[in-house]
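Asks: Before anything else, here's the structure in question.
The values are calculated or read from the model by the stated rules, or taken from the named source; none is laboratory data. As the structure is a prediction and not an experimental result, all values here were calculated from the model. A quick note on method: Cβ atoms are made from the backbone with ideal geometry, for glycine too, and the neighbour counts reach across all protein chains shown. For the accessible areas, the whole protein counts, side chains as well, though only heavy atoms, and no ligand, DNA or RNA atoms are used. Shrake-Rupley method; radii C 1.70, N 1.55, O 1.52, S 1.80 Å.
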4 protein chains.
Amino acid sequence: MNYGKKVWIFPDAELPPIGVNSIPGHESIIIVNPGKKDAHITITLFYADKEPVKEIQITVEGERVRCLRTNEEKDFGKHMAAFGEQYSIVLESDMPIVAQYGRAEPRAVAFYTTLGYNCD
Amino acid sequence: MNYGKKVWIFPDAELPPIGVNSIPGHESIIIVNPGKKDAHITITLFYADKEPVKEIQITVEGERVRCLRTNEEKDFGKHMAAFGEQYSIVLESDMPIVAQYGRAEPRAVAFYTTLGYNCD
Amino acid sequence: MNYGKKVWIFPDAELPPIGVNSIPGHESIIIVNPGKKDAHITITLFYADKEPVKEIQITVEGERVRCLRTNEEKDFGKHMAAFGEQYSIVLESDMPIVAQYGRAEPRAVAFYTTLGYNCD
Amino acid sequence: MNYGKKVWIFPDAELPPIGVNSIPGHESIIIVNPGKKDAHITITLFYADKEPVKEIQITVEGERVRCLRTNEEKDFGKHMAAFGEQYSIVLESDMPIVAQYGRAEPRAVAFYTTLGYNCD
């Protein structure tokens, strides 16, 4: 399978608190690589008031899915998300991938979100 | 109507527990076939640490909607989802369709998700 | 403004119960018409086990937004949604519009949804 | 990075009440500008029963993300959202951006939403 795109952008990322529920608060980026070859992905993080981080490298093997947790050092190294900080996530891959963002919020609230319709 | 696309990819699938709410925890893939002819669809499942499953076949009749439950044998046969396992779902159809994924989580949490903006 | 598309498809529609919360359970289709001219829209409803409904007509005035409630006769006439019935909604407009679906569920559950990445 | 689109449209906006949770009810538009140059953005608001507002101007600096709160005067000036009023948001930028809408609802409900599949 050769499906997907090489660039994925998530404007709204922000680490929630862990909380006390059976599902701890967290953020995930889930990436599926439907092709046979490994996908080498550079992650860039943009912030509201400081320079972007451009040095995170990850790999998703061919025909596999990988779930990155933004608060785990094994996934984001020294650039783990900090609680309550607004940031954005950009993925640039050398192979086509499909990527999704999810947030699990332990505080009492009903959330929903959508990217808008876009055109030029 | 000849609307839709033949390939649909959902990176983030994971079966929640059934729980004790009036809405039991579940995952669904909802597929509408707006055309007159039946759509024959092959489902591929990708996993984090094992080979993909490529042998699931379903049909959505012309001008009908069908809701697949990932934990029901009538929809996914012997490849029903296992609680807590990360996987991805790919649909390949011979006719244009439109597909949506939904998760109903019985545990206390506020969830939201989005695919990112994508380009090459 | 001439932005938008003429066809919008929502695979997963299902009327929730009204419940007892301050926000009653409901479904909405929200349509914005960014252009100057009125948009005349035909709504088609697809079902799991019966013939589609193709006769609903609505208008969204130029430079206005309109929120349709699927359980209100003023919006869906005699084809109001029935509690718990799976169906799909197709909008066909003579002018470009942008449309969004929302569901407010009064029962205890955490929901999320997304259309998949699509291609041919 | 030169990724993104210049126009973003969100059909369904409506300010929730503030409520009493640790996360107050609110709406946000989150905009990331992945390019080096500042993005100058005009915001248009469409309503159900009155003329659109077309005069809001904001800037998102190059390589930064900005979160607009619809009920804060520093972001929307005199056109802050009013509780319970249906409206739509259009962004027109002079540089490519990526934008997302989020609503945090303090009342008891499980919400989800999606834009539909669109085509002509």
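Asks: To one decimal place, what Kirkwood hydrodynamic radius in Å is obtained for chain C from all pairs of distinct Cα atoms? Present the calculation step by step, with values, prior to reporting the outcome.
Replies: Working: mean 1/r = 0.0656 Å⁻¹.
One over the average 1/r among Cα pairs gives 15.2 Å for chain C.
Asks: Enter the accessible area of D:C67 (Å², nearest 10), with the probe set to 1.4 Å and all protein chains included.
Replies: Approximately 40 Å² for this residue.
Asks: Taking the label point as lying 7 angstrom from Cα along the Cα-to-Cβ axis, what are the distances from C:G77 to the corresponding position in the remaining copies, in ascending order and in nanometres?
Replies: So the distances to the same position in the other copies read 4.4, 4.4, 6.2 nm.
Asks: Right, next: Any idea of B:W8's accessible area? Nearest 10 Å², probe 1.4 Å.
Replies: About 0 Å², rounded to the nearest 10.
Asks: Oh, and also: Tell me, what is the per residue accessible area of the protein assembly as shown in Å², probe radius 1.4 Å? Let's see the in-between values first.
Replies: Numbers: 18370 Å² over 480 residues.
Heavy-atom SASA per residue in the protein assembly as shown reads 38 Å².
Asks: Rounded to a whole number, what % of the accessible area of chain D do carbon and sulfur atoms account for, probe 1.4 Å?
Replies: Working: 2220 of 4600 Å².
It is 48 percent, rounded to a whole number.
Asks: Any chance you could look up the accessible area of A:S22 with a 1.4 Å probe, heavy atoms only, rounded to 10 Å²?
Replies: About 90 Å², rounded to the nearest 10.
Asks: Sticking with this one: Would you kindly work out, in nm and rounded to one decimal, the distances from the label point of C:R107 to those of the same position in each other copy, ordered shortest first, with label points 7 Å along Cα-to-Cβ?
Replies: Shortest to longest, the spacings are 2.1, 2.1, 2.9 nm.
Asks: Pop out the ³J(HN,Hα) list for the range D:30-40 in order, Karplus 6.51 cos²θ - 1.76 cosθ + 1.60 with θ = phi - 60°, rounded to Hz; leave Gly and Pro as x.
Replies: 10, 10, 10, 10, x, x, 7, 8, 4, 9, 9
Asks: Please go through the residue pairs B:K6/B:K50; A:K50/C:K6; A:K6/A:K78; D:K6/D:K78; B:K37/C:K36 and name each one whose alpha carbons sit more than 32 Å apart in this structure. Walk me through the numbers before you get to the answer.
Replies: Values: B:K6/B:K50 26 Å; A:K50/C:K6 41 Å; A:K6/A:K78 24 Å; D:K6/D:K78 24 Å; B:K37/C:K36 38 Å.
Violating the 32 Å limit, Cα to Cα: A:K50/C:K6; B:K37/C:K36.
Asks: Using modelled amide H (1.01 Å from N, peptide plane; none on Pro or chain starts), what sits under 5 Å from the amide H of B:E85, excluding residues fewer than 5 places away?
Replies: B:L15
Asks: Taking one equal scatterer on every alpha-carbon of the protein assembly as shown, how large is log10 of I(q)/I(0) by Debye at q = 0.10, 0.11 1/Å?
Replies: -0.71, -0.88
Asks: What does the charge add up to near D:Y47, with Lys and Arg as +1, Asp and Glu as -1, over the other residues with Cβ less than 14 Å from its Cβ? Can you show the working numbers first?
Replies: Working: positive: C:R64, C:R66, D:K50, D:K54; negative: C:E61, C:E63, D:D12, D:E14, D:D49, D:E51, D:E85.
Neighbour charge sum, excluding D:Y47 itself: -3.
Asks: Nothing charged except the Cβ atoms of Lys and Arg (+1) and of Asp and Glu (-1): what's the magnitude of the dipole of the protein assembly as shown about its Cα centre? Round to the nearest 20 debye.
Replies: On the way: 52 positive and 68 negative charges, 22 e Å.
In debye, rounded to 20, the protein assembly as shown gives about 100.
Asks: Let me ask something else. Taking the simple approach of a point 7 Å from Cα along Cα-to-Cβ for both A:R69 and A:V20, what is their distance in nm?
Replies: So the label points at A:R69 and A:V20 sit 2.1 nm apart.
Asks: Another question about this same structure. When only Cα pairs under 8 Å and 6 or more residues apart are kept, what is the percent relative contact order across chain A? Walk me through the numbers on the way to the answer.
Replies: Values: 271 pairs, mean separation 48.9, N = 120.
Answer for chain A is 41 percent.
Asks: Moving to a separate point now. How high is the FRET efficiency between A:T42 and C:K36 when r is their beta carbon distance and R₀ equals 45 Å, given to the nearest 0.05?
Replies: Efficiency, rounded to the nearest 0.05: 0.55.
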